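Structure provided below as structure tokens; questions to follow.
The numbers here are math on the coordinates, done by the rules we state, and not lab data. None of the values given here were measured: they were computed from a predicted structure. Every residue, glycine as well, gets a Cβ built from its backbone with ideal geometry; the counts of neighbours run over all protein chains shown.
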Amino acid sequence: MKIKAILLLLLAGSAALLTGCAVKKQTMGTSQAEVLQIIDKVNNYWQQNNKPQERAFWDVAAYHTGNMEAYAITKNENYRKYSEAWAEHNQWKGAKSDNKAEWKYSYGEKDDYVLFGDWQIAFQTYIDLYNLDKDEKKIARAKEVMEYQMSTNKKDYWWWADGLYMVMPVMTKLYKVTGNGQYLDKLHEYFTYADSVMYDPEEKLYYRDAKYIYPKHKSATGKKDFWARGDGWVFAGLAKVLKDLPKNDPHRQLYIERYEGIARAIKNAQQPEGYWTRSILDPVHAPGPETSGTAFFTYGLLWGINNGYLSKKEYLPVVEKSWNYLTKVALQPDGKVGYVQPIGERAIPGQVVNQNSTSNFGVGAFLLAASEMYKFLD
């Protein structure tokens with residue numbers, strides 16, 4: 001009788017486990033195998049149509065942050081080799097000037113803008129590649145540039161929202177590699193400055209930069225104008241920082257508060273179709289779907305659910321809708337990721353964004369979201 005009772009209990013437990021798995025799959029309408037197929041479809045399309053020999057500027061580098069996450073999930077060596085070839089092409093550098101006296105950090109696309117964050121995002125991928133094969137040449141330039149920057153008395157390096165994604169994770173990744181606590185001190189110092197010029201404490205969102213602060217700048221209907229991709233950069237950047245930041249960092253709670261505040265704000269601003277419009281709080285300003293901001297938000301929300309920062313009950317319905325948009329509307333049959341707003345810095349009324357609108361950084365954001373979805377389904 002005891003054996004029979006034990007068997008019945010085991011069977012009941014197995015049934016409950018299977019039921020739970022079935023509910024999970026039914027809830028998201030997908031499986032890990034299907035997510036892997038999506039990652040391969042998107043990434044293979046991109047890599048087959050774009051050579052890795054491109055510059056190390058932000059747009060290309062943002063793709064590679066997604067590619068390395070896809071590699072971590074799939075272990076597809078073609079993905080790693082693609083980023084390695086890109087890094088070799090750029091000599092493991094961002095902007096290439098070696099004359100420190102001419103290094104600048106305002107906006108610039110030439111090789112003397114070494115301290116401009118849009119050239120520093122490349123270091124994220126170089127560090128990821130270094131962690132797979134610890135060849136010092138891969139991070140030598142990253143350390144040289146960031147250590148020089150930290151030796152200055154400037155703190156206003158991050159004056160635009162995108163920069164928080166570009167460089168904050170560089171600081172935490174280099175801290176993990178080197179153990180140099182100055183990276184975390186300067187992370188906080190630079191973030192505090194950025195927070196002071198772009199953060200809206202009422203809405204819990206970030207303006208793209210000081211030019212767009214309300215009421216100096218307004219949306220088409222007179223509202224505050226928060227650019228979706230801009231806040232997507234910040235939200236994803238904060239998730240990456242919290243991933244690598246030591247649990248006992250004295251400023252950790254500030255990053256958590258900013259991250260959770262953005263999560264609440266975007267939850268309330270999501271459109272019924274699952275996407276976020278380019279101007280988050282004013283759908284009329286630039287109506288219609290947009291993928292890059294939506295993908296960054298999806299990545300950040302999934303990361304929070306996966307790591308215990310966000311309530312699954314509260315935020316999973318948001319992710320369900322945004323994932324459905326990403327995979328059913330944004331993703332085209334050939335693997336192209338569409339509805340990506342072109343390079344810019346704001347929501348532009350009348351700008352055409354359609355199924356053929358794609359870009360490297362949008363694909364990178366999509367891969368981040370898909371990789372985090374795979375982890376959720378694990």
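Fewest Cβ neighbours within 10 Å first, please rank 79, 199 accordingly.
Working: 79 25, 199 17.
So the residues, fewest neighbours to most, are 199, 79.
Let me ask another. Can you order the peptides 164-175, 52-63 by their average number of other Cβ atoms within 10 Å per residue, highest first?
Details: 164-175: 25.4, 52-63: 21.2.
Taking the mean over residues of other Cβ atoms within 10 Å, the ranking is 164-175, 52-63.
What angle do you read, to the nearest 10 degrees and between 0 and 90, between the alpha-carbon axis of helix 122-132 and the longest principal axis of the chain?
Compared with the principal axis, the helix lies near 50 degrees.
Within the set of other residues whose C-beta is less than 12 Å from the C-beta of residue 177, count the net charge using Lys and Arg as +1 and Asp and Glu as -1. Working shown, then result.
Working: positive: 134, 138, 143, 173, 176; negative: 128, 136, 244.
For residues surrounding residue 177, the net value is +2.
Going by average Cβ density within 10 Å per residue, which order do the peptides 344-352, 81-89, 276-284 take, highest to lowest?
Numbers: 344-352: 15.2, 81-89: 18.2, 276-284: 22.4.
Those peptides, ordered most packed to least, come out 276-284, 81-89, 344-352.
Between the DSSP loop rule and a limit of at most 14 other Cβ atoms within 10 Å, which trypsin sites (Lys or Arg not before Pro) in region 111-152 are left? Can you show the working numbers first?
Numbers: sites: 134, 137, 138, 141, 143; in loops: 134.
Here the trypsin sites (Lys or Arg not before Pro) that fit, given the DSSP loop and packing criteria, are 134.
With a cut-off of 16 Å, note down the residues of region 151-179 whose backbone N falls inside the zone around a label point 7 Å from the Cα of residue 351 toward its beta carbon.
Hits in region 151-179 for residue 351 at 16 Å: 161-163.
For the chain, find the longest principal axis of its Cα atoms and tell me its angle to the long axis of helix 32-49, 0 to 90°, nearest 10.
Result, in degrees: 30.
For region 32-376, what mean projected area does the convex hull of the alpha carbons give, in nm²? Walk me through the numbers before you get to the answer.
Details: hull surface 64.0 nm².
Mean projected area of the Cα convex hull: 16.0 nm².
Would you pull out the residues with amide H under 5 Å of residue 205's amide H, same chain only if 5 or more places away, H placed 1.01 Å from N?
Here the answer is 200, since their amide H atoms fall under 5 Å of that of residue 205.
For region 71-202, compute the orientation-averaged projected area of the C-alpha convex hull (one quarter of its surface), in nm². Mind showing how you got there, number by number?
Working: hull surface 36.1 nm².
Approximately 9.0 nm², given one-decimal rounding.
Could you check the simple spin-label distance between residue 144 and residue 88, using points 7 Å along Cα→Cβ, in nm with one decimal?
2.0 nm
With unit charges on the beta carbon (Lys/Arg positive, Asp/Glu negative), name the residue among 72, 99, 152 whose Cα is farthest towards the positive pole of the charge dipole of region 44-152.
72
Next up: Specify the angular offset, from 0 to 90 degrees and rounded to the nearest 10, of the alpha carbon long axis of helix 228-244 from the longest principal axis of the alpha carbons in the chain.
The answer is roughly 80 degrees.
Can you list which of the GluC sites (Glu not before Pro) found in region 157-228 are DSSP loop residues with at most 12 other C-beta atoms within 10 Å? Write out the running numbers ahead of the final one.
Working: sites: 189, 202, 203; in loops: 202, 203.
Answer in residue order: 202.
In debye, nearest 20, what is the charge dipole magnitude of the chain about its Cα centre with +1 on Lys and Arg Cβ and -1 on Asp and Glu Cβ, if you could check? Present the calculation step by step, with values, prior to reporting the outcome.
Working: 48 positive and 44 negative charges, 177 e Å.
Result for the chain is approximately 860 debye, rounded to the nearest 20.
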